[in-house]
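Throughout, read-outs are computed from the coordinates displayed, never taken from laboratory work. All values reported here derive from a predicted model rather than from experimental measurement. Backbone-built Cβ (ideal geometry, glycine too); neighbour counts: all protein chains shown.
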Amino acid sequence: MSAALPDFPWDLLEPAKAVAAAHPDGLVDLSIGTPVDPVPALIRAALAEASDAPGYPLTAGTPALRTAIAEWLARTCGASGKLGVLPTIGSKELVAWLPTLLGVGPGDVVVIPQVCYPTYEVGVRLAGAEVVRADSLTALGPDPRVKLVWINSPSNPTGRVLPAAHLRKVVDWARERGAVVVSDECYLTLGWDETPVSVLADEVCGGDYTGVVSVHSLSKRSNLAGYRAGFLGGDPALIAELLAVRKHAGMIVPAPVQAAMVAALGDETHVADQRALYAARRESLREALLKAGFEIEHSAAGLYLWSTRGEDCWATVDWLAQRGILAAPGAFYGPSAARHVRIALTATDERVAAAVARLTA
């Protein structure tokens, strides 16, 4: 099975990481968007309070969690219709296994963005289906083999935000062909220059979620990457099908994590505080990169600065590594991204300041 998958991207970055780690002032790792700030106290308290959990948890989530998810989707995504909801073990496992869980297989086509999170492609390969990279519906033509369309706004890695009109066209196109639209919205609450729109918003779906599912995560919003806490919202029939399969597969969010998710979804104060930290880091890194001769494209939302020096991405990775800074090469995200690097905002204030000093020296 592993032979059918691409090389694990981060293994390819090890030589550059060794160079960057040799810097006298230490490594500044801006390659992976892993949170570094503390888990909010109210979430840790909820986890601890629910830690006496000897029985099996519900795959569907507790009633309190299902209510918290539905209310958050209505409040944050502007979803006014009847939603199906489902907790997931983070978002990566869901992305990797969703085509398989939906019955996509050999002979089917899954559309993914031209530049995107590598696990979309991995999931298609695990299912034995064919990957097509496309941002334009007209490029796809009338192919009846398309069963699933991935969209991602705000984008990882580019930070691009798709407008409601574009999302609506994708949904309409997919419904005409009986395909499912899955929207990865894990960075939805991190808009900077633009306000992201959910595929569940009324201006996109009008309260009808047929064939539409949105994917969310608390990893970035609430610093819960270590908890593996994600969830889905959308078409009740599709969600019910996913629940039925996931029950058999044992894909269950642990009970203490479910309680922590309820606390996280019910509080916006910690979200605002974390946004302020990222906003300051973003501005510092953006200014330093521009001074160092980089161009920054898109990056209107999310936790990354999509940057280029107009050269092969690996040359840029090496240039940064010589200054003790590790970035992700654009080649990880698709063939058309080979001249960009992804700079993450997820480092401590001290490490961001170190990167700024090195870039502007």
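Counting only residues that are under 16 Å from residue 193 (Cα atoms) and among the aliphatic types (A, V, I, L, M), which one in the range 135-163 is farthest from the chain's Cα centre (by Cα)? Among residues in the range 135-163 that are under 16 Å from residue 193 (Cα atoms) and among the aliphatic types (A, V, I, L, M), the one farthest from the chain's Cα centre (by Cα) is 162.
Against the criterion of being under 26 Å from residue 108 (Cβ atoms), assigned to a loop (DSSP other than H, G, I, E, B) and of a type outside the set (A, V, I, L, M, F, W, C), residue 208 qualifies.
Does residue 126 satisfy the criteria of being farther than 30 Å from residue 345 by Cβ and either touching a residue at least 12 places away in the same chain (Cβ under 8 Å) or surrounded by fewer than 22 Cβ atoms within 10 Å (Cβ to Cβ) (or both)? Walk me through it before giving the result.
Numbers: farther than 30 Å from residue 345 by Cβ: yes; either touching a residue at least 12 places away in the same chain (Cβ under 8 Å) or surrounded by fewer than 22 Cβ atoms within 10 Å (Cβ to Cβ) (or both): yes.
The answer is yes for residue 126.
Here residue 33 fits the description: in contact with a Ser or Thr (Cβ under 6 Å, 6 or more places away or on another chain), closer than 30 Å to residue 276 by Cα and assigned to a loop (DSSP other than H, G, I, E, B). Hey, among the residues in the range 49-83 that are within 17 Å of residue 260 (Cα to Cα) and free of Cβ contacts under 8 Å to residues at least 12 places away in the same chain, which one's nearest to the chain's Cα centre (by Cα)? Within the range 49-83, the match that is nearest to the chain's Cα centre (by Cα) is 67.
Here's the yes/no breakdown for (1) out of contact with any strand residue (DSSP E or B) (no Cβ under 7 Å at 6 or more places or on another chain); (2) free of Cβ contacts under 8 Å to residues at least 40 places away in the same chain:
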residue	(1), (2)
144	yes, yes
149	no, yes
154	no, no
185	no, no
191	no, no
212	no, no
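Every residue, every condition in (1) part of a helix (DSSP H, G or I); (2) surrounded by 15 or more Cβ atoms within 10 Å (Cβ to Cβ); (3) not aliphatic (A, V, I, L, M), yes or no:
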| residue | (1), (2), (3) |
| --- | --- |
| 11 | yes, no, yes |
| 45 | yes, no, no |
| 51 | no, no, yes |
| 70 | yes, yes, no |
| 74 | yes, yes, no |
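The residue that is nearest to residue 276 (Cα to Cα), counting only those in the range 345-361 that are free of Cβ contacts under 8 Å to residues at least 40 places away in the same chain and in a helix (DSSP H, G or I), is 350.
So, in the range 204-221, of the ones that are among the hydroxyl-bearing types (Ser, Thr, Tyr) and over 13 Å from residue 84 (Cβ atoms), which residue ends up surrounded by the most Cβ atoms within 10 Å (Cβ to Cβ)?
Keep residues of the range 204-221 that are among the hydroxyl-bearing types (Ser, Thr, Tyr), which gives 209-210, 214, 217, 219.
With over 13 Å from residue 84 (Cβ atoms) added as a condition, the list becomes 217, 219.
Details: 217: 23, 219: 21.
Going through the qualifying residues, I end up with 217.
For the residues 3, 48, 41, 18, the requirement of being under 18 Å from residue 314 (Cβ atoms) and out of contact with any helix residue (DSSP H, G or I) (no Cβ under 7 Å at 6 or more places or on another chain) singles out 18.
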